[in-house]
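The values are calculated or read from the model by the stated rules, or taken from the named source; none is laboratory data. A quick note: this is a predicted structure, and the numbers were derived from the prediction, not measured. Methodologically, a virtual Cβ is constructed for each residue, glycine included, from the backbone with ideal geometry; neighbour enumeration extends over all protein chains shown. To get the accessible areas, we keep the full protein, side chains included, count just its heavy atoms, and leave off ligands, DNA and RNA. Shrake-Rupley method; radii C 1.70, N 1.55, O 1.52, S 1.80 Å.
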Amino acid sequence: MSTDPIQLLIDAGAIPSEPFDPTSRYRGVPLALHARGGGEPPLPYVRRRFIAQRRDIPVAVEAAVAAFDRPDLLAARTLGEPLLYWRIADANAVSDPFELTGRPGDRVAIPGSIG
């Protein structure tokens, strides 16, 4: 039997085995527990998500930013899913997704593999 508190909570059904939507940037990132002390129950949290190096993200194409584009609109147009804007941000090594669409006409890398 496992002594890992997270696994015990998952096994007990208190935490879903995969709490994030398939389009979430946190899909597959492990959960952990923060011991609060004072008799308080531990607080679950999501561990740090490490972003792949830009050179390790396959790029399928570059897309031009349209006037009045937003990160979600760019993702919908290029990847078919607005919630995947974060994949485009990762492929372009930006932490603020709005940097992607700040200047119409700029070209941004669109990742080739989204799964």
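Residue under question is T23, and the condition is that it be in a loop (DSSP other than H, G, I, E, B) and of a type in the set (S, T, N, Q); does it hold?
So T23 passes the test.
Any residue at all in the stretch 95-102 that's part of a loop (DSSP other than H, G, I, E, B) and within 14 Å of the chain's Cα centre (by Cα)?
So far as the stretch 95-102 goes, yes, one or more of its residues are part of a loop (DSSP other than H, G, I, E, B) and within 14 Å of the chain's Cα centre (by Cα).
So F50 ticks every box in (1) more than 30 Å from T78 (Cβ to Cβ); (2) among the aromatic types (F, W, Y); (3) in a loop (DSSP other than H, G, I, E, B) but one. Which box is left unticked?
(1)
Are any residues in the stretch 53-81 open to solvent by 70 Å² or more (accessible area, probe 1.4 Å), assigned to a strand (DSSP E or B), touching a helix residue (DSSP H, G or I) at 6+ places or on another chain (Cβ under 8 Å) and farther than 22 Å from P22 by Cβ, and if so, which ones?
V61
Being surrounded by 11 or more Cβ atoms within 10 Å (Cβ to Cβ) and touching a residue at least 24 places away in the same chain (Cβ under 8 Å) is the filter here; which residues of the stretch 1-31 pass it?
Hits for the stretch 1-31 are P5, I6, L9, I15, T23, S24, R25, L31.
Restricting to the stretch 55-81, name every residue that is modelled with pLDDT under 95 and touching an Asp or Glu at 6+ places or on another chain (Cβ under 8 Å).
Of everything in the stretch 55-81, just one residue is modelled with pLDDT under 95 and touching an Asp or Glu at 6+ places or on another chain (Cβ under 8 Å), namely I57.
Report, ordered by the first and then the second residue, all pairs with beta carbons closer than 8 Å, sequence separation of six or more or different chains, a first member in the stretch 91-110 that is closer than 13 Å to P71 by Cβ, and a second member that is in a loop (DSSP other than H, G, I, E, B) and open to solvent by 70 Å² or more (accessible area, probe 1.4 Å).
If the second residue must be in a loop (DSSP other than H, G, I, E, B) and open to solvent by 70 Å² or more (accessible area, probe 1.4 Å), the pairs left are F98/R70; T101/R70.
Return the residues of the stretch 33-52 that are of a type in the set (A, V, I, L, M, F, W, C) and open to solvent by 50 Å² or more (accessible area, probe 1.4 Å); say none if nothing qualifies.
Within the stretch 33-52, A35, L43, V46, F50, I51, A52 qualify.
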